[in-house]
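The values are calculated or read from the model by the stated rules, or taken from the named source; none is laboratory data. Here the structure is a predicted model, which means the values were calculated and not measured. Cβ: placed from backbone, ideal geometry, glycine included. Neighbour counts: every protein chain shown.
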Amino acid sequence: MNICFIMYPWDKVEPTKDSTLRIIHECLKRKHRVVTASPAGLTMRNSVTNVFGSVLSVNGPFPATAQSLYKKVKMKEKMLPLAGFDVIFMRANPPLDIMMLNFLDSVKDDVFILNDIQGLREANNKLYTASLDDPSHEYIPATHVSKNKEYLKRVIKESTQDRMILKPLDGMGGRGVIVIEKDAVMNITSLLDFYISSNDGQSNYVILQEYIEGAEHGDVRVLMLNGEPIGAMKRVPASDDHRSNVSAGGTVKRHSLSKQEKDMCKVIGRRLVADGLYFVGLDIINGKLIEVNVCSPGGIVNINRLNKTRLQSKIVDFIENVVKYRSVAAQRRSEYREKVQNA
Ligand SMILES: Nc1ncnc2c1ncn2[C@@H]1O[C@H](COP(=O)(O)OP(=O)(O)O)[C@@H](O)[C@H]1O
Ligand SMILES: [Mg+2]
């Protein structure tokens, strides 16, 4: 197979921690052709979408670990037509680059792209999770998103909880996620001003969300492949923070999914597959889904270590199967077409 990883810059890869590097290592081990590129490398040449990328190769014995691959790998710069790939694996960090998706639209019928472009467009922000159908808030927390300060203040005032979560709609890595206490009324207007208005005259959406009890003990990251959980871990906040993100100082622990979490994964999983979201990370607190991470979810290295798994091998099995199925279907179609043509 020919696989193109559209990802963050190679020199930003941290070899001991990086999930993408594990998947690349597995692909090269199985002798697939791997090219890495950044979204900025997408180029149209004579109306054909190409990419400036690096073709990866290794001289001598194949490195046993992803770290040693990172040290030994050779890279050859090439401009290549995107439709020549079997798979495009999107591993660029959020925020999602919409222009990148516009380039990829031109090859979406030729190449298996994960995650699906339309799915990425819909699910790349927290509105997707907030609007998943769950009127009784059994697994989606009550969530309000607005730029209207008076409305947001009213929500806080009318809330039956004495604290709520305030966060930017397009945040990541826990940035800007704060707990607001209902009785801190004196600060709320100023906070909303700060979050909503920005210097360039634009304004930002903010989320007000029910505070999920138990969040101080951590959240659960679940990696979902083709609608099913393949691995999970618990992330526990640092003693001086309420956020569980590893990038905000959280630490990880082993976790087995509860019955309730498994049931939720089943329900969410069906929707994810329908939207072409084949490889995503769910963030769950106390049985409630707070986020579906669709751009380059991480966690493979930690989950592998905690559970003694090799998730990258399941992921590459999955893409191999999809590509095989697509090529068998294409071959069958052309044989049958020929039969009808010659009738
Ligand atoms: N509704 C909530 N109740 C309690 N804690 C929350 C809530 N939403 C977020 N948090 C805490 O903040 C962290 C980051 O929130 P999240 O919505 O996943 O944003 P980000 O995209 O920045 O990771 C979570 O992992 C959790 O620890
Ligand atoms: Mg998160």
Within the set of pairs 6+ apart or on separate chains, which have a first residue in the stretch 268-284 that is within 11 Å of Ala123 (Cβ to Cβ), a second that is charged (D, E, K, R), and C-beta atoms under 6 Å apart?
-> Gly276/Asp116
Does any residue of the stretch 302-311 turn out to be more than 16 Å from ligand 2 (Cβ to nearest atom), crowded, with 22+ Cβ neighbours inside 10 Å, more than 14 Å from the chain's Cα centre (by Cα) and not aliphatic (A, V, I, L, M)?
-> no
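When only residues in the stretch 1-26 that are of a type outside the set (D, E, K, R), part of a helix (DSSP H, G or I) and out of contact with any helix residue (DSSP H, G or I) (no Cβ under 6 Å at 6 or more places or on another chain) count, which is nearest to Asn304 (Cα to Cα)? If you could, list the steps in order and put the result at the bottom.
Looking only at the stretch 1-26, we keep the residues that are of a type outside the set (D, E, K, R), and these are 1-10, 13, 15-16, 19-21, 23-25.
Going one step further and asking which of them are part of a helix (DSSP H, G or I), we end up with 10, 19-21, 23-25.
Remaining after also requiring out of contact with any helix residue (DSSP H, G or I) (no Cβ under 6 Å at 6 or more places or on another chain): 10, 20, 24.
Working: Trp10: 22, Thr20: 14, Ile24: 16 Å.
Of everything passing the filter in the stretch 1-26, Thr20 is nearest to Asn304 (Cα to Cα).
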Name the residue, out of Val252, Val206, that is more than 11 Å from ligand 1 (Cβ to nearest atom), closer than 18 Å to Ile180 by Cα and either hydrophobic (A, V, I, L, M, F, W, C) or at pLDDT 95 or above (or both).
-> Val206
Scanning the stretch 269-298 for residues that are within 15 Å of ligand 2 (Cβ to nearest atom) and touching a Leu at 6+ places or on another chain (Cβ under 7 Å), which turns out farthest from Arg91 (Cα to Cα)?
-> Leu289
Scan the stretch 260-277 for residues that are part of a helix (DSSP H, G or I), in contact with a strand residue (DSSP E or B) (Cβ under 8 Å, 6 or more places away or on another chain) and not basic (Lys, Arg) and jot them down.
-> Glu261, Met264, Cys265, Ile268, Gly269, Leu272
Say we look at the stretch 161-171 and pick out the residues that are over 14 Å from Asn204 (Cβ atoms) and assigned to a loop (DSSP other than H, G, I, E, B); which of these is farthest from ligand 2 (Cβ to nearest atom)?
-> Asp162
With the condition kept exactly as written, say whether any residue in the stretch 321-328 is within 18 Å of Arg235 (Cβ to Cβ), in a helix (DSSP H, G or I), β-branched (Val, Ile, Thr) and touching a strand residue (DSSP E or B) at 6+ places or on another chain (Cβ under 9 Å).
-> no
If you scan the stretch 206-222, which residues turn out to be in contact with a helix residue (DSSP H, G or I) (Cβ under 8 Å, 6 or more places away or on another chain) and away from ligand 2 (no atom under 13 Å from the Cβ)?
-> Val206, Leu208
Could you list, in sequence order, all residues of the stretch 233-250 that are of a type in the set (A, V, I, L, M, F, W, C) and closer than 13 Å to Asn286 by Cα?
-> Val236
Is it the case that some residue within the stretch 2-21 is among the hydrophobic types (A, V, I, L, M, F, W, C), crowded, with 21+ Cβ neighbours inside 10 Å and farther than 20 Å from Val294 by Cα?
-> no
Run down Ile315, Ile284, Ile290 and say which single residue is surrounded by 19 or more Cβ atoms within 10 Å (Cβ to Cβ) and in a helix (DSSP H, G or I).
-> Ile315
Residues within the stretch 168-178 that are in contact (Cβ under 8 Å) with a residue 60 or more places away in the chain and farther than 24 Å from Thr251 by Cβ, tallied = 1
Out of all the residues in the stretch 179-214, which are free of Cβ contacts under 8 Å to residues at least 60 places away in the same chain, surrounded by 13 or more Cβ atoms within 10 Å (Cβ to Cβ) and part of a strand (DSSP E or B)?
-> Ile180, Glu181, Ser197
Pick from the stretch 227-244 the residues that are assigned to a loop (DSSP other than H, G, I, E, B) and under 20 Å from Tyr139 (Cα atoms): which of them is farthest from ligand 1 (Cβ to nearest atom)?
-> Gly227
